[in-house]
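Below: one structure, written as structure tokens.
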Amino acid sequence: MLKNEWCKWPLRAYLGLIVCLLICGTARQVDAGSQEASKDYLKAGERDVQKWRDMKFGLFIHWGPVSLKGTEIGWSRGGERRGRTGTGQIPAEEYDNLYKQFNPVKFDAEQWVQIAKDAGMKYLVFTSKHHDGFSMFYSKLTDYKITNSPFKRDVVKELADACHKAGLKLGFYYSPVDWYHPDYRTQNHARYIEFLHGQLREICSNYGKIDIIWFDGLGGTAEDWDSENLFKIIRQLQPGVIINNRAGLPGDHDTPEQRIGRFQNDRPWETCMTICRQWAWKPNDQLKSLKQCIDTLVKVVGGDGNFLFNVGPMPTGEIEPRQVTRLKEMGAWLKKYGQSIYDTRGGPFKPGIWGASTHKGNIIYIQILNWSGEQLTLPPIPKKIIASSVLTGGTATVRQTEEAIEISVPEAYRQELDTIIKIELDGPASEIAPLSVTSSSLTYHKKVRASNVYQNNPQHGPDKAVDDDPATRWATDYGIKQVWLEVDLGKAMTFNRVRISEAYDRVQEFELQYNDSTQWKTFVTGTKIGSDYSRRFEPVTAQQVRLNILDSTDGPTIWEFQLLPPKK
Ligand code: FHN
């Protein structure tokens, strides 16, 4: 019946219907488009994101009255942490009154900014308020602030002025989590959100141009912080600002913490990491070696990420000279080889224990951080190498075939920190799809088991110690002191070198054993592993090999466990 009805309609009626449908459709599209456009405050513009990416390296600063105690900022505060479990070792009463003794007279914002610039850093991110709720700036919305301490000066203001004067990009860390605020996560939480939005309005209004807002919501939701409206406020006051993914919204970039992020070139990311172990000041805290620092910088940038490296200044206001020296050493390295870092993109050869690569235009920088043999073998690429040189000096042989690119560098020209081979192609390197570099380790992707796995979580399973991926690790439960990792090579194989990369330097004693089919025999012993342990020994032929950790400070965790065959 219906079919016939249609054919009786006059032509005009059809046209009218189509026009209506078109109008509605377009209206809906316009509405969707305008709605979408109307939410563009949730993201920074592509140009601003690209400018942020190109900077690559920034200084993170965790500081507050807690530095008087040398304990961790926020987490060492006692009392209740509404919204989560646990408490800190300093009674809240004492912690919350530390600011009354806080008078860092040697604080010199321009000196901090100069330290960042001398390190080759292009931006700085400072903790304006951490989880302990103390405002390191003048805020009309609280009395719990630096201007009410004996120091009286607005630290955020002085840093902002120093950054603007020196041309260093400026960022502020702000914790929506606030274990001090009386309304936080109570039935008056809405009042806390008003306070939160009000403080970001102050930060984004009173200190000139801000390039980065670095939230730290500890997994809180966008609803917890009314983040859409928060982003609207911030974007209206600071249109070009870069905002991270820690306020319950994706923001402009991911934030892997205390680890090298996975290779990712379809969404910006930034690894944040401590130069020592604690975020805030701790006397005699364990400082990373220059090799650890350069390795991390190169692998992060080679993974297409940015690197935000943290210091915890002293209660005097100074950054510890040891840490300044380390940063200066990184700056000296970047002064010479910064072309292989700044304004580059990660890849095409993905990071691994061997090293990483970066590219810009028709140039690829092959960053060799560890040699596992006479030469480095890389997978083939669909571009012709038309020239090559050694940025770090000396000569190299670069042989390109259909099957591979083989690079060998005489021992004399190999750099302990990083040997950089610059190759020029007959076209843009960005057209090459990312490639994994096969490990020369005999343990690579072999069957593996362990006597303990952190919370039995496969994300931290033993296979993560033999995947040649610097972004994954085998981890064990807190409190574990003795634990083993066992690899089955599949058949008896001969090896005479081991390389182990450990996170957090927890192992105090360990041994390597092989099973001669009757018993386990020890062939290496040690008391420290660290981020890059390597050892040569008399060749061993075996199928089953164990890393036996005999003592450790806290649940040991291993990035990579590699066994290497004798050099041909
Ligand atoms: O709890 C904080 C920690 O103190 C530090 O601020 C880091 C920096 O990214 N973020 C939190 C831990 O995820």
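Read the figures in this text as sums done on the coordinates, not as results from a lab. Just so we're clear, the structure is a prediction, and the values are computed from it rather than from any experiment. For neighbour counting, all protein chains shown are included, and Cβ atoms are generated from backbone atoms with ideal geometry for every residue, glycine included.
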Return a whole-number percent for the relative contact order of the chain, with Cα pairs under 8 Å and 6 or more residues apart as the contact set. 11 percent
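What is the local net charge at G208, summed over the other residues whose Cβ is closer than 10 Å to its Cβ (Lys, Arg +1; Asp, Glu -1)?
Charge balance in the 10 Å sphere: +1.
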Ranked highest first by average number of other Cβ atoms within 10 Å, how do 128-135, 102-109 line up? 128-135, 102-109
Separation in nanometres of the label points that stand 7 Å from Cα toward Cβ, at T325 and E93: 4.3 nm
So the compactness index of the chain, its C-alpha Rg divided by 2.2 N^0.38 Å, takes the value 1.12
Sum up the charges of everything whose Cβ sits under 11 Å from the Cβ of R81, counting Lys and Arg as +1 and Asp and Glu as -1, but leave R81 out. +1
Could you tell me how far the Cα centroid of the range 209-268 sits from the Cα centroid of the range 337-361, in Å? 25 Å
Answer with one residue from C272, H131, V177: the one whose Cα lies farthest towards the positive end of the charge dipole of the chain, charges on Cβ with Lys, Arg +1 and Asp, Glu -1. C272
Compute the length gained on full extension between T438 and A190: take 0.36 nm times their separation in residues and subtract their Cα-Cα distance, giving the result in nm to one decimal. 83.9 nm
Mind putting together the pair-distance distribution for the range 48-152? All Cα pairs, 10 Å bins, whole percent per bin, short to long. 13, 37, 30, 18, 1
Place the peptides 346-352, 167-173, 286-292 in order of packing, highest mean first, counting for every residue the other Cβ atoms within 10 Å and averaging per peptide. 346-352, 167-173, 286-292
Once the other residues with Cβ under 13 Å from the Cβ of E424 are scored (Lys, Arg +1; Asp, Glu -1), what is the net sum? +3
For the range 559-567, Karplus couplings with θ = phi - 60° (6.51, -1.76, 1.60), whole Hz, Gly/Pro x: 6, 9, 10, 10, 10, 10, x, x, 5
How big is the range 466-524 along each principal axis, measuring the range of its Cα positions in Å and listing the largest first? 33, 25, 18
Provide the FRET efficiency to the nearest 0.05 for the R12-K39 pair, computing r from the beta carbons and using R0 = 30 Å. 0.15
The range 399-498, relative contact order [Cα under 8 Å, separation at least 6], %: 23 percent
Whole angstrom only: what separates the Cα centroid of the range 135-206 from the Cα centroid of the range 413-431? 44 Å
For the chain, share of DSSP beta bridges that run antiparallel, in % to the nearest 5: 70 percent
Past the 27 Å Cα-Cα mark, which pairs from K288/K335; K43/K291; K335/K422; K39/K165? K43/K291; K39/K165
Can you give the relative contact order of the range 87-219 as a percent, counting alpha carbon pairs under 8 Å and 6+ residues apart? 26 percent
